[in-house]
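Shown next, in structure tokens, is the structure this report addresses.
Rule-based calculations on the coordinates, nothing more; no lab input. Computed from a prediction, not measured in an experiment: that's the story for all the values here. Here the Cβ is made from the backbone with ideal geometry for all residues, glycine too, and neighbour counts use every protein chain on show.
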Amino acid sequence: MSSPNPTLELQDQDVVPLQQQQQPTFQGRLKLADFMFKSTGLSASSGSPRRSPRFSLTPSVSDTPEATATPSPSLSARPSSPAKRSPPKRKAPSSPSTASSSSSSLSSPRKRTSSSSPRKRSSSSYAPPSTYAHLAPIPDAIAPNLLVFFIGLNPGIETARTGHAYAHPTNLFWRLLASSGITPRLCSPSESRQMPSLYSLGLTNIVSRPSRNGAELSRQEMDEGVGILEEKVRRHKPEVVCVVGKSIWESMWRVRHGKSIKKDEFKYGWQDETETMGLEEADGDDDDDENPEARGGREWKGARVFVATSTSGLAATLKPAEKEAIWKELGDYVVERRKERAEEAEKAAGGDVEVDGSTT
């Protein structure tokens, strides 16, 4: 190959020196300078940035001769330089699948995904007595002159199978009795029938038939059980009636007052003296006042009512600490009355006696 030559070979015999060739420019044959953008509205000395006309929808104030001659008061507060408008943002191209999903999301409200939606409990409804006809109701644990007479809702499935009250492992009844001081130790469901002789505590229910939960009971059968409870209280004359659950007291209130209890009328703990059970019919029947000596010679004036929380494992309205505080109020009363009963029995017997499992 021959060495580079500073000449351009046009033909075999004609050679033109590079100094005589036309220098390259940006003009070209089409003269591209004629197609370049030139600002016509702003002078070169104004110093304003160059802008494309498509971004300016309205003419600038400074472009009009009227504005430079006599500026109006409303426009004098505006800045001297024309406001800039940002160009619209371009959206990323969407595929047909995303386009259809976006259009559907605008037409219909957004639905929660299965992972974010809360879990719904299966709702249970009324179950007739024939559903659990194979399960027998449990007998009451009751005796005259009880210290506390507990009224539960109805036997559960596990309670009906074993024959022991509050037998389900998740039920807090026996643990609350021990932690509140109502019983001096933790008792087991198998001791439910011995509670009257052990600690002068009785057990019954407003509905006798078993069911899986309270939702399977009807309001009518709960209301019908209120009259039976009143009769049991009048016959055995306990000092205190403890209603184990808000729904039980709501049913008793509905029957006794002829209307549903209001939100501001309900309260846990001791109820008013007007709510005493068994007193109205007992006043006219003095012969039915059994064993007044066991009460230290005091006349029975009806059973005081204490409304406690439900002990079912399904009842999660209140926290465990709140339940314990309510039950502790009843426990303090029971501990004090148990001491007084022991002293009264000791005076009556003239020596050491055993009362509610403790010797004095």
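Before moving on, here are some points about what is shown:
- The modelled label-to-label distance between Thr162 and Glu346, using points 7 Å beyond Cα along the C-beta direction, is 3.6 nm.
- Residues whose amide H comes within less than 5 Å of that of Val241, counting only those at least five positions distant or on another chain, are Phe149, Arg304, Val305, Phe306 (H built at 1.01 Å from N in the peptide plane).
- Length added when fully stretched, Ala127-Thr274, from 0.36 nm per residue minus Cα-Cα: 49.4 nm
- Flagged links, alpha-carbon separation over 26 Å, of Lys259/Lys328; Lys246/Lys319; Lys267/Lys347; Lys232/Lys259: Lys259/Lys328; Lys267/Lys347
- Counted charge near Ala303, where neighbours are those whose Cβ lies closer than 11 Å (Asp, Glu -1; Lys, Arg +1): +2
- Site pair Glu250 and Ser197 shows an inter-label distance of 3.9 nm when each label is modelled 7 Å from Cα along Cα→Cβ.
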